[in-house]
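Colleague: For reference, the structure I am asking about is given below.
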Amino acid sequence: MQDTLLQQGLDITLFGMGIVFTFLLLLVIGTSIMSRIITRHFPEAEPITATPNISADDNARLHAIIKGAIDQHRKKR
């Protein structure tokens with residue numbers, strides 16, 4: 001009796017582990033197939049590498065705006 005219970009437990013354990021392993025294997029295969037399909041039909045957009053033309057006048061204006069904002073913040077305190 002003890003041997004049959006032990007054998008049944010081992011059978012159920014191996015069967016359950018086989019089911020889980022098969023499911024995970026199918027999940028990995030399905031995910032990789034979907035990833036290939038998505039990358040084939042929707043490629044990544046090209047990054048924009050153009051640098052903006054910032055002149056010294058724009059830089060001076062930006063500096064004045066930042067300085068004004070800091071002064072205004074300090075006055076509120």
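The values are calculated or read from the model by the stated rules, or taken from the named source; none is laboratory data. Keep in mind the model is a prediction, meaning the values are calculated, not measured. Note that each Cβ is placed from the backbone with ideal geometry, even for glycine, and that neighbours are counted across all protein chains shown. The area values use the complete protein model at the heavy-atom level, side chains included, leaving out ligands, DNA and RNA. Shrake-Rupley method; radii C 1.70, N 1.55, O 1.52, S 1.80 Å.
Colleague: Consider ILE12 carefully, then state whether it is open to solvent by 80 Å² or more (accessible area, probe 1.4 Å), at negative phi, of a type in the set (A, V, I, L, M) and under 37 Å from the mean Cα position of the chain (by Cα). Lay out the reasoning, then the answer.
Modeller: Working: open to solvent by 80 Å² or more (accessible area, probe 1.4 Å): yes; at negative phi: yes; of a type in the set (A, V, I, L, M): yes; under 37 Å from the mean Cα position of the chain (by Cα): no.
Judged against the criteria, ILE12 is not a match.
Colleague: With of a type in the set (Ser, Thr, Tyr) and not in a helix (DSSP H, G or I) as the only criterion, which of THR49, THR39, THR31 stands out?
Modeller: On the way: THR39 fails: not in a helix (DSSP H, G or I); THR31 fails: not in a helix (DSSP H, G or I).
Going through THR49, THR39, THR31 in turn, just one is of a type in the set (Ser, Thr, Tyr) and not in a helix (DSSP H, G or I): THR49.
Yes/no per residue for (1) modelled with pLDDT of 95 or more; (2) in contact with a strand residue (DSSP E or B) (Cβ under 7 Å, 6 or more places away or on another chain); (3) hydrophobic (A, V, I, L, M, F, W, C); (4) exposed (fewer than 10 other Cβ atoms within 10 Å of the Cβ):
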| site | (1), (2), (3), (4) |
| --- | --- |
| LEU26 | yes, no, yes, no |
| THR39 | no, no, no, no |
| PRO43 | no, no, no, yes |
| GLU46 | no, no, no, yes |
| ILE54 | no, no, yes, yes |
| ASP58 | no, no, no, no |
| LYS76 | no, no, no, yes |
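Colleague: Which one of the conditions (1) open to solvent by 100 Å² or more (accessible area, probe 1.4 Å); (2) not in a helix (DSSP H, G or I) does LEU6 fail to meet, given that it meets all the rest?
Modeller: Single failed check for LEU6: (2).
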